[in-house]
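One structure is given below, encoded as structure tokens.
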Amino acid sequence: QVQLVESGGGLVQPGGSLRLACAASGFTFNLFVMNWYRQAPGKERELVAGIDRAGGSPNYAESVKGRFTISRDNAKNTVYLQMNSLKPEDTAVYYCNAQTRAWAPIDFWGQGTQVTVSS
């Protein structure tokens, strides 16, 4: 019943842009902090961006700061990641994560969407 479904990945050239979306269902979306993680082959999963329950306090990994923007639309139960000025090192599977620690430690994960930045 709980689902996080990422979309918007694809192949782009360096300097290009993509907008990822994560559609959530099966839980109370506005009670969860939303995060984007990514994982490249042979590398650890890393936190890319996060946003609080009301859409404030966005935070970013240093490597993407100034290029990526996280946002959420609680009316649509969707979180977005706008990625600009993409670099080859941004190539990874991007995962949507919903997290709360308010009542219990709970994490939900999407299936991931591939982002490939290559010339």
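The values are calculated or read from the model by the stated rules, or taken from the named source; none is laboratory data. Keep in mind that what you see is a predicted model, and the values were worked out from it rather than measured. Cβ coordinates were reconstructed from backbone atoms using ideal geometry, including for glycine residues, and neighbour counts include every protein chain displayed. Quick note on the areas: whole protein, heavy atoms, side chains included, nothing else; ligands and nucleic acids left out. Shrake-Rupley method; radii C 1.70, N 1.55, O 1.52, S 1.80 Å.
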Checklist entry - Using a probe of 1.4 angstrom, how much of the accessible area of the chain is carbon and sulfur, in percent? => result 49 percent
Item to check | Net charge dipole size for the chain [Lys, Arg +1 and Asp, Glu -1 on Cβ; Debye, nearest 20] | outcome: 140 debye
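Write out the trypsin sites (Lys or Arg not before Pro) in segment 1-72 meeting two conditions: DSSP loop, and at most 12 other Cβ atoms within 10 Å of their Cβ. Don't jump to the answer; show the numbers that get you there.
On the way: sites: Arg19, Arg38, Lys43, Arg45, Arg53, Lys65, Arg67, Arg72; in loops: Lys43, Arg45, Arg53, Lys65, Arg67.
Answer by residue number: Lys43, Lys65.
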Checklist entry - Excluding ligands, DNA and RNA, what is the solvent-accessible area per residue of segment 1-112 at a probe of 1.4 Å, expressed in Å²? => result 53 Å²
Item to check | For segment 4-22 and segment 69-90, distance of Cα centres in Å | outcome: 8 Å
Item to check | 18 Å reach of a label modelled at Glu62, 7 Å along Cα-to-Cβ, counting backbone N of segment 81-104 | outcome: 89-90
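Given an 8 Å cut-off on Cα distances and at least 6 residues of separation, report the relative contact order of the chain as a percent. Before the final figure, lay out the partial values.
Values: 295 pairs, mean separation 41.9, N = 119.
So the answer I get is 35 percent.
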Checklist entry - Which FRET efficiency, nearest 0.05, do Leu31 and Ser119 yield, Cβ-Cβ r, R0 30 Å? => result 0.10
Checklist outcome for this item: For segment 33-119 the chymotrypsin sites (Phe, Trp or Tyr not before Pro) that pass both the DSSP coil test and the at-most-16 other-Cβ-within-10 Å test are Trp103
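To the nearest 20 debye, what charge dipole does segment 21-80 have about its Cα centre, counting +1 at the Cβ of each Lys and Arg and -1 at the Cβ of each Asp and Glu?
Details: 8 positive and 5 negative charges, 21 e Å.
That gives segment 21-80 a dipole magnitude of about 100 debye.
From the Cα gyration tensor of segment 25-74, with a ≥ b ≥ c the square roots of its eigenvalues, which class applies: rounded if a/c is under 1.5, or else prolate if a/b is larger than b/c, or else oblate?
oblate
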